[in-house]
Amino acid sequence: MSSTILKRSIYLAMRSTVGALSMGGSSSWRAYASVAVGTDLVSAAPDVSLQKARTWDDGVSSKFSTTPLKDIFKDKKVVIFGLPGAYTGVCSQQHVPSYKNNVEKFKAKGIDSVICVAVNDPFVLNAWAEKLQAKDAIEFYGDFDGEFHKALELDKDLSVALLGPRSHRWSAYVVDGKVKVLNVEEAPSDFKVSGGEVILGQI
């Protein structure tokens with residue numbers, strides 16, 4: 001009973017943080033987010049790199065290397081989705097599985113890679129991806145300091161849910177770095193427009 005009440009309280013709190021900005025649907029967030037259809041992600045987030053999910057030992061052996069955005073997006077067709085964090089409810093139970101279960105359909109449409117990015121360190125993401133048995137289907141990248149999401153104005157303060165600075169829940173279809181399709185949920189607890197099945201039908 002107590003866990004149910006806690007989950008409900010967190011859900012209501014996360015919904016309340018959206019406030020007036022969520023009232024107008026997807027058009028509202030465009031008023032304050034810099035990313036939109038047509039945005040070049042590499043240009044929008046210059047000098048920003050992501051951190052490929054890996055074990056701590058692999059991080060040490062790679063000297064904690066990072067991956068520039070141009071290496072992720074240049075000359076590629078990419079489906080990328082962002083979520084509030086590893087090990088959280090909707091992310092684990094719905095968001096990641098919706099891409100994992102459709103990876104072959106994405107490949108059939110010519111997608112080079114399906115990427116999950118979250119404001120987490122790459123070591124936590126690696127353990128989470130292994131738990132979800134999703135590493136073979138999806139590439140996981142950490143945005144450990146949130147700079148990628150801040151540059152796109154997709155960052156979100158979720159301190160009310162004890163998560164601190166995180167991101168909106170979103171998805172995009174990106175070709176050679178340019179956004180062709182973009183979906184952003186009204187609230188981080190929502191799962192209406194950012195799932196794998198939705199963007200699969202938009203490509």
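The values are calculated or read from the model by the stated rules, or taken from the named source; none is laboratory data. Keep in mind that this is a model prediction, so the values were computed, not measured. Reconstructed Cβ throughout: ideal geometry from the backbone, glycine too, with neighbour counts over all protein chains shown. What goes into the accessible areas is simple: the full protein's heavy atoms, side chains included, and nothing from ligands, DNA or RNA. Shrake-Rupley method; radii C 1.70, N 1.55, O 1.52, S 1.80 Å.
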* Asked: Rounded to the nearest whole Å², what accessible area per residue is found for segment 47-158 with the 1.4 Å probe?
  -> 46
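Net charge near Asp47: determine it from the other residues with C-beta under 12 Å of the C-beta of Asp47, scoring Lys and Arg +1 and Asp and Glu -1.
Working: positive: Lys70; negative: Glu147.
Within the 12 Å Cβ shell, the charges total 0.
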* **Net charge over other residues, Cβ less than 13 angstrom from the Cβ of Val175 (K, R count +1; D, E count -1)** => +2
* How many percent of the accessible area of segment 49-201 is carbon or sulfur, using a 1.4 Å probe? -> 51
* Cross-link partners of Lys131 among lysines (Cα-Cα below 18 Å; sequence separation of 8 or more within a chain) -> Lys52, Lys100
